[in-house]
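No lab work stands behind these numbers, since they all come straight from the coordinates. Computed from a prediction, not measured in an experiment: that's the story for all the values here. Cβ: placed from backbone, ideal geometry, glycine included. Neighbour counts: every protein chain shown.
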Amino acid sequence: MKHIVRFRWAIAAVWIIGAICLFLFAPNLQQLVAEKGQISAPKDSPSMQASQLLDKMDANKDSDSASAVLVFHKDSGLDKAEKESIKQAIDLLKENNKRLGVSDILDFRDDAAVAEQTVAKDKKTIMVPFSVSLHSQDAEEARKKIMETIEPIQVDHYLTGETFISQDIVENSQEGLKKPN
């Protein structure tokens, strides 16, 4: 203890020099996250289990495609006009499928079995699953195109899927690792 008190300024200087060296010579963590690894959800999470189920169901899945789900939701329940808006959104996706790179759109109007799986029992949520080709676009470009296409739809909606969630996680990780200026 006597030595610590006696050399307190030297110890403080060593700590300050060490902190400065770490700050100056630390690797670019944003670049490291982008290059080395994508943080993913745990294997037992519901989204990963759903992804595994989709992979099993679609054994001939194109490696350049991703599963996506367009989710429409209203806490007080979707009324008839809002369901019509959702139908318009599905029609917009179908009409622009080549430009957007979307395929295999599951429309709840096509089949009662599809409606049972995609329309919530409480009528507050409707999901529209489909595939997105990532052959000539990345996930962020695909998301932007899809969201711009359905922008006129007034029902609250969002786009989700494993690829989009992973993209968000990487972006958030990189944002959290930015060095302050």
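Sorted by average packing, counted as other Cβ atoms within 10 angstrom per residue and highest first, what order do 109-118, 96-105, 6-15 take?
On the way: 109-118: 12.1, 96-105: 16.0, 6-15: 10.4.
Output ranking for 109-118, 96-105, 6-15: 96-105, 109-118, 6-15.
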### Message
Can you compute 3J(HN,Hα) from phi for each residue in the range 109-117, using the Karplus curve 6.51 cos²θ - 1.76 cosθ + 1.60 with θ = phi - 60°, rounded to whole Hz and x for Gly and Pro?
### Response
7, 6, 7, 4, 5, 5, 4, 4, 7
### Task
Using θ = phi - 60° and the Karplus relation 6.51 cos²θ - 1.76 cosθ + 1.60, list the HN-Hα couplings for the range 136-144 in order, rounded to whole Hz, with x at every Gly or Pro.
10, 8, 8, 4, 5, 5, 4, 4, 4
### Task
Would you mind classifying the range 115-181 by shape? Square roots of the alpha carbon gyration tensor eigenvalues, ordered a ≥ b ≥ c; an a/c under 1.5 is rounded, otherwise it is prolate if a/b is larger than b/c and oblate if not.
prolate
